[in-house]
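The structure appears below as structure tokens.
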Amino acid sequence: MKKVIYPGTFDPVTNGHIDIVERASTLFDEVIVTVAKNPSKKPLFTVDERLEMLHESMKNKPNVIIDSFDGLVVEHAKEVGAIGIIRGLRAISDFEYEFQMALMNRKLSDELTTIFLMPHEKYTYLNSTIIRNLAQFEAEYSDFVPPIVIQKLKEKSAKK
Ligand code: ADP
């Protein structure tokens, strides 16, 4: 059983993340999408809200599991028995940071391999920050996120 983990902040999950999960789920037996609690990033959504959006948007994918972790990705990967770490690469601008992380994670745990997947080109300029900004200014972003995220972003701005 080949398991991989796909760690991220997912604040909120976008169709770019979902594209990566779909590609990984055809290559491996199980994909564990894992929410980094990352309080230092001051996420807009709580961990529970991020988990709920991921659960809802992955509910039709039988070999995808959702969880969360605090601390080192490599430790969590070992705990769940993953053989690799999935990351998305959108553009050259992602490369330097991702390369550093992958090499550091390899130094920390030699048996874990980082696997980079590229999304469909329509998602290469998409990230969670852009979605949060578009939502804040009530611009159109519905092509880039699942329906549950639209609903949750509307609820957030209604509370403000
Ligand atoms: P992090 O804080 O770890 O960067 P993100 O939720 O922003 O968390 O991203 C998690 C992973 O998904 C990263 O590898 C990132 O490069 C990738 N990713 C983010 N947005 C996209 C996208 N639109 N297409 C493909 N991969 C993406």
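Only the coordinates and a few stated rules stand behind these numbers; no lab work does. Computed from a predicted model, the values in this text were never measured in an experiment. In this analysis, Cβ positions are derived from the backbone assuming ideal geometry, glycine residues included, and neighbour counts consider all displayed protein chains.
Key figures
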{"item": "Restricting the range 59-160 to GluC sites (Glu not before Pro) in coil, as DSSP defines it, with at most 11 other Cβ within 10 Å", "result": "E111, E138, E140"}
{"item": "Length-normalised contact order for the range 3-159 - Cα pairs under 8 Å, 6+ apart - percent", "result": "30"}
{"item": "Cα gyration tensor, the range 1-123 - rounded (a/c under 1.5), prolate or oblate", "result": "rounded"}
{"item": "Restricting the range 31-92 to trypsin sites (Lys or Arg not before Pro) in coil, as DSSP defines it, with at most 13 other Cβ within 10 Å", "result": "K59"}
{"item": "Gap separating the Cα centres of the range 100-160 and the range 22-74, nearest whole Å", "result": "11"}
{"item": "Isotropic mean projected area of the C-alpha convex hull, the range 1-51 (nm²)", "result": "3.6"}
